[in-house]
Amino acid sequence: MAAISTQPAASPGGEPTSVPDAPGRGTLLVVLTGVFMTTLDFFIVNVAIPSTQRDLDASAAEVQWIVAGFGLAYGVGLITGGRLGDLYGRRKMFSLGMILFTIASAACGLAPTAGFLIGARVAQGVAAALLAPQVLAILRTAFTGLAQAKAFSAYGLSMGLAAVFGQLIGGLLIKADIFGLDWRSCFLINIPVGIVTLLLVPKFVPESRAPGRPRLDPVGMFLVTLALVATVLPLIEGREQDWPAWTIVSFVVAVVLFAIFGTVQARMAANDKGPLLNPAMFRERAFTVGLLAQLVFWMGQASFFLVFALYVQEGRGLDALGAGLIFVAIGVGYLATSVNAHHLARRLGRQVLAVGGLVMAVGLVLVALAVHRIGVGGNIGWLVPGLILDGAGMGMVVGPLAATVLARVSPHNAGAAGGVLATGLQIGNAIGVSIIGLIFYGALGDAPRPADFAHAFNLSLIYLIVVGVVLAGLVQLLPNGAPKK
């Protein structure tokens, strides 16, 4: 990546922004380490589950909450975490989130029981929700122009590589069994990384906050947290429990709570009382359409990783490390496009997102054809070309999409907007996993054979191909033209 240079920016409204050094590679390296760590922990735990369950004698319900506890706490806390950065300083909240995430990671790695591990995973999720939106806000406020485009490209690169290589990294750590730590090393590895990152924050990360004296909105925080819990919890638990009545009630309650939240926020904005989310953000078409595109895009990511891992492990008999290695093909494609995503975005504008969605769809068509060709015992290498294309399409979307959504948002609301964007990612993942779970497990039956996994995977690919095509169509609703500086 070319060197990134930009001039230190003062925060809007005349409030000075503390910049230890001009934002550049050091700033990116530090803040994107936070993105990599939190994204990695979302995916790495999947490969650690079998040995974790054996070691802690965890029940099926406890195993589910080891995974879901992190996702739930992370998803519901992002909007509040983003706004806290606007109010009290994005660097300060980034540092606090990193401290808490590092401590929670140590607690996960030292957990004596499954119940303790669940609590530590929830704490990890809360810390990640405080940390993650600050990254987007810092990129939005510290960089401008081409430097900002490059920064968002690097953001997409770090997030995608953490997601794609999470299973491989986890497999390698467990295989190495350093000091006999087994699955625990997947969490303990965060400790030295977190400490080093914290030592570098004061030197490289500029401080910024919303101008004036904005106030905390505890009512808004309470309402949006309840609404998000009512949305995300049934998405996580519903399929496993065959969608009992309480899940439907929870969705209805969520709609009511969001309506109340919107009314309260509009009233506070009209009276200039500093709402948690300024409704003016949602009147910007780039933000609302981009947010919807974010939701749609991520409806296909975690869901694909889930069913692909099940197919190659249960349907083709690969172990965790072998499954992680096949994910490298996706990473190759992702790396090839994400490092140049800002160049592609400059040439193609919003259509870079549409091209990315269509490339993903074509790649998944090739994967489906390869699965049909190789059957149960054929050469799994036939999957590689389609996986590379799928990764290439992903790399064209992640960074440019975040830049598109945030570029027209006032720096005053950068943290809150970053929280909303990251929330769309988490809810999209949850919706996608719920939908694909119905398709995949519905096709497996009660006593699945390897051939049944291939059939279920191919049915799931139809849904994922549609996601890519819908994304390409939705992008056409984005505005043309240069964003506000």
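The values are calculated or read from the model by the stated rules, or taken from the named source; none is laboratory data. This structure is a prediction, so every number in the text was calculated from the model and none was measured. As a convention, Cβ positions derive from the backbone with ideal geometry for all residues, glycine included, and neighbour counts pool all protein chains shown.
Quick notes on this one:
- Matching residues, the stretch 83-135, being of a type in the set (Gly, Ala, Ser) and under 18 Å from ASN413 (Cβ atoms): GLY85, GLY89, ALA129, ALA132
- Top-ranked residue of the stretch 140-158 - restricted to ones that are in a helix (DSSP H, G or I) and over 18 Å from the mean Cα position of the chain (by Cα), ranked as surrounded by the most Cβ atoms within 10 Å (Cβ to Cβ): ALA142
A quick yes/no check of all residues on (1) outside the structural domain of LEU84 (by TED's automatic domain parsing); (2) part of a loop (DSSP other than H, G, I, E, B); (3) out of contact with any helix residue (DSSP H, G or I) (no Cβ under 7 Å at 6 or more places or on another chain); (4) more than 26 Å from VAL135 (Cα to Cα):
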position	(1), (2), (3), (4)
THR197	no, no, no, no
VAL224	yes, no, no, no
ALA227	yes, no, no, no
THR231	yes, no, no, no
LEU235	yes, no, no, yes
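- In summary, ALA447 fulfils each of the numbered conditions (1) among the aliphatic types (A, V, I, L, M); (2) modelled with pLDDT under 90; (3) under 19 Å from GLN294 (Cβ atoms); (4) surrounded by fewer than 20 Cβ atoms within 10 Å (Cβ to Cβ) with the single exception of condition (3).
- Across the stretch 44-65, the qualifying residues are those that are within 17 Å of LEU188 (Cβ to Cβ) and buried (at least 16 other Cβ atoms within 10 Å of the Cβ), and the one among them that is modelled with the lowest pLDDT is VAL47.
- Counted as qualifying within the stretch 274-348 are the helices (runs of 4 or more DSSP H) with 2 or more residues that are in contact with a helix residue (DSSP H, G or I) (Cβ under 8 Å, 6 or more places away or on another chain) and either at pLDDT below 85 or more than 18 Å from GLY363 (Cβ to Cβ) (or both), namely 285-298, 301-310, 320-326, 341-348.
- Residue that is aliphatic (A, V, I, L, M) and under 19 Å from VAL469 (Cα atoms), where the choices are ALA370, ALA354, ALA403: ALA354
- Selection of first residues in the stretch 347-366 that are under 24 Å from LEU146 (Cα atoms) and of second residues that are of a type in the set (Gly, Ala, Ser), restricted to Cβ pairs under 7 Å at least 6 apart or on distinct chains, gives the following pairs, ordered by first then second residue: VAL352/ALA345; LEU353/ALA293; ALA354/ALA472; GLY356/GLY393; GLY357/GLY393; GLY357/GLY468; GLY357/ALA472.
- Any hit, the stretch 428-441, residues being free of Cβ contacts under 8 Å to residues at least 40 places away in the same chain and part of a helix (DSSP H, G or I): yes
- Every test in (1) of a type in the set (S, T, N, Q); (2) at pLDDT 90 or above; (3) within 23 Å of LEU84 (Cβ to Cβ) is passed by SER208 save one, and that test is (2).
- Candidate set from the stretch 104-130 (those that are hydrophobic (A, V, I, L, M, F, W, C) and more than 21 Å from the chain's Cα centre (by Cα)); member that is modelled with the lowest pLDDT: ALA114
- Scanning the stretch 237-250 for residues that are without any contact (Cβ under 8 Å) to a residue 60 or more places away in the chain and in contact with a helix residue (DSSP H, G or I) (Cβ under 6 Å, 6 or more places away or on another chain) turns up THR247, SER250.
- Residue that is over 13 Å from ILE79 (Cβ atoms), loosely packed, with under 15 Cβ neighbours inside 10 Å, among the basic types (Lys, Arg) and not assigned by TED's automatic domain parsing to the domain that holds VAL67, where the choices are ARG239, ARG283, ARG267: ARG267
- Sub-8 Å Cβ pairs linking a first residue in the stretch 175-189 that is under 20 Å from ALA120 (Cβ atoms) to a second residue that is at pLDDT below 85 and among the hydroxyl-bearing types (Ser, Thr, Tyr), at least 6 apart or interchain, are ASP182/SER51; TRP183/SER51, ordered by first then second residue.
- Residue within the stretch 147-156 that is among the basic types (Lys, Arg) and touching a Gly at 6+ places or on another chain (Cβ under 7 Å) present: no
- Test: residue in the stretch 370-380 that is in a helix (DSSP H, G or I) and within 30 Å of TYR88 (Cα to Cα): no
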